[in-house]
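Comments concern the structure below.
Taken together, the values in this text are just the output of simple stated rules run on the coordinates, not laboratory data. Keep in mind that this is a model prediction, so the values were computed, not measured. Here the Cβ is made from the backbone with ideal geometry for all residues, glycine too, and neighbour counts use every protein chain on show.
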Amino acid sequence: MSSAPNRPLTDIPWVDGLTFGEVLRQTARRNADREALVFTSLGYRRTWREFEAEVELAARGLLSLGLRRGDHLALWATNVPQWVVLQFATAKIGVVLVTINPAYRPFELQYVLRQSDARALCLVDQFKSSDYFAMLNEACPALAGAAPGKLSCTEYPKLQWVISLRGPTPAGAISWDDLLERGGNHDVDWQAVERELDCRQPINIQYTSGTTGFPKAATLSHRNLLLNAFYIGACQRITADDRICIPVPFYHCFGCVLGTLCCVTYGATMIVPADSFQPTATLDALESEGATSLYGVPTMFIAQLQDPTLAQRKITTLRTGIMAGSPCPIEVMRQVVDKLGASEVTIAYGQTEASPVITQTRYDDPIDLRVETVGRPLPGFEVKIVDPTDGRTLGDKEPGELCARGHGVMIGYYNDAAATAAAIDADGWLHTGDLAERLPNGYYHITGRLKDMVIRGGENIYPREIEEYLFRHPAIEQAAVVGLPDKKYGEELCAWVKLKVGATLTDDEVRAFVKKGLAHYKIPRYVRFVDSFPQTVTGKIQKFKIREEMIAELGLEIQKTA
């Protein structure tokens, strides 16, 4: 691995000390007639002047409903224009935006509405086979008999308003057009509203995903998010001349911080190909809109590289971007550079609790640093590696838990002081639960998750090491390794393997390949070839689902024996 010279980001973060509304106002003034937001599949285009006006109108509408600073508004929708408008309209008046995964079902929706204390819920009508109002009625039957703004539900005592973002407006709800009309008739003293706001106040609640139990509500401030957006843009050399293609979901930090908020910070254009990721639609947007930056997880980039229409396209403007969420095989990175032209694409690492990026490669880092590491800490972030058993700070090339401290660390988990104290220690260090090592050149390498660790016959095994080794095989496109219960060893390894198109491989050949490069106890006992992996919408592989499926398939006993 080559080293790279230390290149500090020298730009002063002009957003520090400001709120979302102040940043949007300054950006809109500087770039009034430039394009701000484009939804290619909808024919929706707004300049910065038009976008700011729509945000203000929506903010007036929310104030007309009685929402005020500190209230919570839940947003349950795919990537639609209203999502971006609401992100800034809520922040402009100090209302906390609660983002809900559009894949949630009624039981999960019930939990979020109850736990978040939401006073209003905005939602789309349908997406694919999901009927959102049918699910809402299942979660909240009282809605059907309520008048708008008069919802009375013992399960969600604070919920008053339901706003339909598109399609028919059911009983008990108001439409998006109605909200905007109310806004047009509502006078507001904006100076008085802004005097109540401070950059350290909460502005966003995002629910973290977990393998067990209920998700936790990470609460983030204006300053948390704006500084993160500023620095991730600086790592890409983003300016107002850039056009960022955002096919990742808005409900996640990838979409609404690295994506929309970064664009607002720099005055870059937001390009949204569709309401969910589609490789062909994304390529259409790259080509027709002259995108200069592209976001995605490795599987999204792979899907675009394998799209049958790619060969006939003329994608000539792409320069940079962000790849995050899971390891990037070096061959994929090379193709992103060679076939898409994104020679300066960066790798980012973080988690929601850190707003989200902690480390990132830089636009001019060598390609090996961009596939073998997750970069260096963003300015204003401290990172250390500690021994998970005794908290001792470790040196270079000593694997341990990655901890971070700085401007991105969340305010805490909403209404969960115990979980907050477990995640952030008394000295302000966020314990990520990720295993990593620092290299002598100051870059970091993620080795796995504390909870992912497999203990086989007393040997501690980190699946990430085996997965990265499997990526080296020319026939393997993706791999996921999990631990399965075993009576003799406590746990045994299982590798899920997805082959490249046209490639062939046997179980024994996979084991023989691992045997060549890794210790014998790291050889998977079980190998399963699959066409796809269970994943979150952000591309992270849901290993607990793989594990559950294999336990059921093999008839294993979940209770481990010594």
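Observations on the structure shown:
- Prolate/oblate/rounded call for region 290-334, Cα gyration tensor, a/c under 1.5 rounded: oblate
- Gyration tensor (alpha-carbon) shape descriptor, the chain, a/c threshold 1.5: prolate
- Antiparallel %, DSSP beta bridges [both residues in region 459-554], to 5: 75 percent
- Amide H partners (placed H, <5 Å) of I358, local residues excluded: Y349, G350, Q351
- Between L180 and A512, the simple label model (points 7 Å from Cα in the Cβ direction) yields a spacing of 6.4 nm.
- Protection proxy ranking of 13-24, 510-521, 285-296, 388-399 - average other beta-carbon atoms within 10 Å, highest first: 285-296, 13-24, 510-521, 388-399
- Cα gyration tensor shape of region 154-222, rounded if a/c is under 1.5, else prolate or oblate by comparing a/b with b/c: oblate
- Taking amide H atoms as placed 1.01 Å from N in the peptide plane, the amide H of I476 lies under 5 Å from those of K500, each 5 or more residues away in sequence or on another chain.
- In this rough spin-label picture, where each label sits 7 Å from Cα along the Cβ direction, the Q542-S129 distance is 1.4 nm.
- FRET efficiency estimate (nearest 0.05) - Cβ-Cβ, Q191 to Y44, R0 22 angstrom: 0.10
- The simple spin-label model puts a point 7 Å past each Cα toward its Cβ; for R166 and K339 those points are separated by 2.9 nm.
- Peptides 470-479, 308-317 ranked from most to least packed give 470-479, 308-317, packing being the mean of other C-beta atoms within 10 angstrom over each peptide's residues.
- For region 44-86, the residues whose backbone nitrogen is under 20 Å from a point 7 Å from the Cα of Q26, taken along Cα to Cβ, are 48-53, 55-56.
- Distances between placed amide hydrogens fall under 5 Å for E492 paired with L484, D486, all partners being 5 or more residues away or on another chain.
- Applying 1/(1 + (r/R0)^6) with r as the Cβ-Cβ distance of T280 and R68 and R0 = 35 angstrom yields a FRET efficiency of 0.20.
- Packing here is the average count of other Cβ atoms within 10 Å per residue, and on that basis the peptides 350-361, 172-183, 522-533, 76-87, highest first, run 350-361, 76-87, 172-183, 522-533.
- Contact order relative to length of the chain, as percent, for alpha carbon pairs under 8 angstrom and 6 or more apart: 11 percent
- Whole-Hz couplings from phi, Karplus 6.51/-1.76/1.60, listed for region 165-171; x for Gly and Pro: 7, 6, x, x, 9, x, 4
- For the chain, share of DSSP beta bridges that run antiparallel, in % to the nearest 5: 60 percent
- Between region 438-463 and region 45-122, the Cα center-to-center distance that results, in Å: 39 Å
- Remark: for residue pairs K314/K339; K216/K451; K384/K451; K384/K540, the C-alpha separation exceeds 22 Å in K384/K540.
- Unit charges on C-beta of K, R, D, E only; dipole of region 459-554, Debye: 160 debye
- Relative contact order of region 206-323, taken over Cα pairs closer than 8 Å and 6 or more residues apart, is 24 percent.
- Structural descriptor for region 451-531: relative contact order 29 percent, calculated from alpha carbon pairs under 8 angstrom and at least 6 residues apart.
- For region 424-432, 3J(HN,Hα) per residue [Karplus equation, 6.51 cos²θ - 1.76 cosθ + 1.60, θ = phi - 60°, Hz, x = Gly/Pro]: 10, 7, 5, 8, x, 7, 7, 8, 6
- Rounded to whole Hz, the Karplus (6.51, -1.76, 1.60) HN-Hα couplings of region 247-262, x for glycine and proline: x, 7, x, 5, 4, 9, 3, 4, x, 9, 10, 5, x, 5, 5, 4
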